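The values are calculated or read from the model by the stated rules, or taken from the named source; none is laboratory data. What you see is a predicted model, and the numbers here were worked out from it, not measured in a lab. As a convention, Cβ positions derive from the backbone with ideal geometry for all residues, glycine included, and neighbour counts pool all protein chains shown. These area figures cover heavy atoms from the full protein model, side chains too; ligands, DNA and RNA do not enter into them. Shrake-Rupley method; radii C 1.70, N 1.55, O 1.52, S 1.80 Å.
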Amino acid sequence: MSDQSAPGKPLRADARRNRERVLRAAEEAFADEGMAVPLDEIARRAGVGAGTVYRHFPTKEALFEAVMDERIRQLGEEARRLAASEQPGQAFFAFLARVVDQAMLNKALCDALEAAGSPVDPYDGAKGDIWRAFEALLTGAQRGGLVRTDIDVHDLRGLTLGALTMERHARDGARPPGRMTTLLLDALRPT
């Protein structure tokens with residue numbers, strides 16, 4: 001985490017509350033505006049001074065990273081829970097569609113998923129956790145015969161990022177929202 005508080009030293013109760021307010025406000029602001037939102041606007045939304053924001057997060061990038069790490073961690077946990085589902089194929093397709101849909105509505109999540117996919121190795125770094133979780137879902141769906149067996153996590157990463165790009169370009173009104181994701185999901189099914 002990029003928080004400036006001393007490692008291992010717990011925050012005072014008021015500092016902890018302020019930090020949480022900043023994180024919630026930042027999540028909303030980044031979802032609306034992405035990285036273009038000024039830190040002063042996040043401070044205003046959180047009801048704190050700019051100094052409070054800087055005390056916890058020295059840069060906007062550090063705040064963005066903290067917000068997105070938490071969001072991606074939550075998605076990874078959800079994927080792992082779904083991987084234990086009695087209907088892994090259905091869970092895989094529903095989760096993949098939901099991630100693409102959420103990322104299209106949340107500019108910051110879209111940016112974070114794209115950044116999480118940028119290393120050559122999808123297991124690289126903390127954000128690689130979501131791809132490990134996705135792999136568990138993928139493997140369960142493949143064992144159930146509902147996803148092509150020639151797809152691996154590298155392919156899945158590329159296809160997911162491709163779906164984000166396709167949906168973004170399809171928002172011109174010529175195609176209904178979700179059409180590109182539906183085509184992607186159909187392509188993952190065995191022939």
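Structure summary
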{"read-out": "Residues satisfying the stated conditions in the range 80-124, i.e. in a loop (DSSP other than H, G, I, E, B), of a type outside the set (Gly, Ala, Ser) and either within 23 Å of Met166 (Cβ to Cβ) or at pLDDT 75 or above (or both)", "value": "Glu86, Gln87, Asn106, Pro119, Val120, Pro122"}
{"read-out": "Identity of the residue in the range 136-158, assigned to a helix (DSSP H, G or I) and β-branched (Val, Ile, Thr), that ends up nearest to Pro88 (Cα to Cα)", "value": "Thr139"}
{"read-out": "Residue count for the range 1-26, restricted to those that are touching a helix residue (DSSP H, G or I) at 6+ places or on another chain (Cβ under 9 Å), open to solvent by less than 90 Å² (accessible area, probe 1.4 Å) and at pLDDT below 90", "value": "5"}
{"read-out": "Some residue of the range 39-46 being free of Cβ contacts under 8 Å to residues at least 60 places away in the same chain, assigned to a helix (DSSP H, G or I) and closer than 27 Å to Thr181 by Cβ", "value": "no"}
{"read-out": "First in the range 63-89 and under 26 Å from Phe30 (Cα atoms), second anywhere and open to solvent by 50 Å² or more (accessible area, probe 1.4 Å) and among the small types (Gly, Ala, Ser), Cβ under 7 Å, 6 or more apart", "value": "Asp69/Ala126"}
{"read-out": "Lone qualifier among Ile72, Ile130 - being at pLDDT below 90, in contact with a Lys or Arg (Cβ under 6 Å, 6 or more places away or on another chain) and buried (at least 20 other Cβ atoms within 10 Å of the Cβ)", "value": "Ile72"}
{"read-out": "Residue that is surrounded by the fewest Cβ atoms within 10 Å (Cβ to Cβ), among those in the range 159-191 that are in a helix (DSSP H, G or I) and among the charged types (D, E, K, R)", "value": "Asp186"}
